[in-house]
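Input: a single structure, listed below in structure tokens.
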Amino acid sequence: MVRRVRYLVDASVLMQAHRRYYRFGVCPGFWDCLARHHKQGRVSSIDRVRKEVEQGGKDELRQWTKTACPATFFEATTGRNIGDGYGRVISWAGSQGRYRQEALAEFATVADGWLVAYAKEHGLTVVTQEVSAPESKKEVKIPDVCNAFKVPCIDTFEMLESLGVQFTWKP
């Protein structure tokens, strides 16, 4: 039996798509695709990503999360196993000895560590637009954390290809 991959979307996926290549007015199909694949149990995110998106300002993306996005898209990160996993992720980052204190402080306040902990607990693939930077001192990058915890990590375009998504133009 072939296991269907489930994807957990980072805030960077939503924010970059909204601001750049999948703006609501240019490519509404991207947003419909996220909702459709969520309803099929293939794509979701976490409550802490929603919080980051909503703190981003009063824009179309924030409006989408409140009105068009399925209510269950952003899953709760409550639960002891998730909290324990988050603690392990934060401890790992602190034990690396390469990150500046500012980077560690920032990492502890954003959704990234929770995203990796949630994905690890539920066997999900993280989707992010962040790029690995294993020598970085200024930022803790999601792909590097995923690598350390053996959590699969891909970008938006890899997820769309895997889901068989194609956007077409209608004249």
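The values are calculated or read from the model by the stated rules, or taken from the named source; none is laboratory data. Just so it is clear, the structure is predicted and the values come from calculations on it, not from any experiment. A quick note on method: Cβ atoms are made from the backbone with ideal geometry, for glycine too, and the neighbour counts reach across all protein chains shown.
Listed by first and then second residue, the pairs with beta-carbon distance under 6 Å, at least 6 apart or on different chains, first residue in region 12-29 and more than 17 Å from Val165 (Cβ to Cβ), second modelled with pLDDT of 95 or more and part of a loop (DSSP other than H, G, I, E, B), are Ser12/Thr128; Ser12/Gln129; Ser12/Glu130.
If the condition is being crowded, with 19+ Cβ neighbours inside 10 Å and either touching a Pro at 6+ places or on another chain (Cβ under 9 Å) or among the basic types (Lys, Arg) (or both), then region 45-61 contributes Arg48, Arg50. With region 92-164 as the region, which helices (runs of 4 or more DSSP H) entirely inside it contain at least 3 residues that are modelled with pLDDT of 95 or more and more than 17 Å from the chain's Cα centre (by Cα)? Per the criteria, 101-109.
Restricting the first member to region 49-61 and to residues that are touching a residue at least 60 places away in the same chain (Cβ under 8 Å), and the second to residues that are buried (at least 16 other Cβ atoms within 10 Å of the Cβ) and of a type in the set (D, E, K, R), the beta-carbon pairs closer than 7 Å and six or more apart or on different chains are Val49/Asp10.
A quick yes/no check of all residues on (1) within 14 Å of Leu8 (Cβ to Cβ); (2) touching an Asp or Glu at 6+ places or on another chain (Cβ under 9 Å):
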| position | (1), (2) |
| --- | --- |
| Ser136 | no, yes |
| Glu139 | no, yes |
| Val145 | yes, yes |
| Lys150 | no, no |
| Glu158 | yes, no |
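Taking region 66-91 as the range and being assigned to a helix (DSSP H, G or I), within 16 Å of Ser45 (Cα to Cα) and modelled with pLDDT of 95 or more as the test, the residues that pass are Ile82, Tyr86.
Just one residue in the set Trp114, Trp92, Trp31 is over 25 Å from Arg4 (Cα atoms), out of contact with any His (no Cβ under 8 Å at 6 or more places or on another chain) and of a type in the set (Phe, Trp, Tyr); that residue is Trp92.
For region 124-146, the candidate set comprises residues that are in contact (Cβ under 8 Å) with a residue 60 or more places away in the chain and β-branched (Val, Ile, Thr); within that set, the residue that is surrounded by the fewest Cβ atoms within 10 Å (Cβ to Cβ) is Thr125.
If the condition is being under 24 Å from Asp155 (Cβ atoms), surrounded by fewer than 21 Cβ atoms within 10 Å (Cβ to Cβ) and small (Gly, Ala, Ser), then region 94-123 contributes Ala103, Gly123.
Scanning region 22-61 for residues that are more than 15 Å from the chain's Cα centre (by Cα), of a type in the set (Lys, Arg) and in a helix (DSSP H, G or I) turns up Arg36, Lys39.
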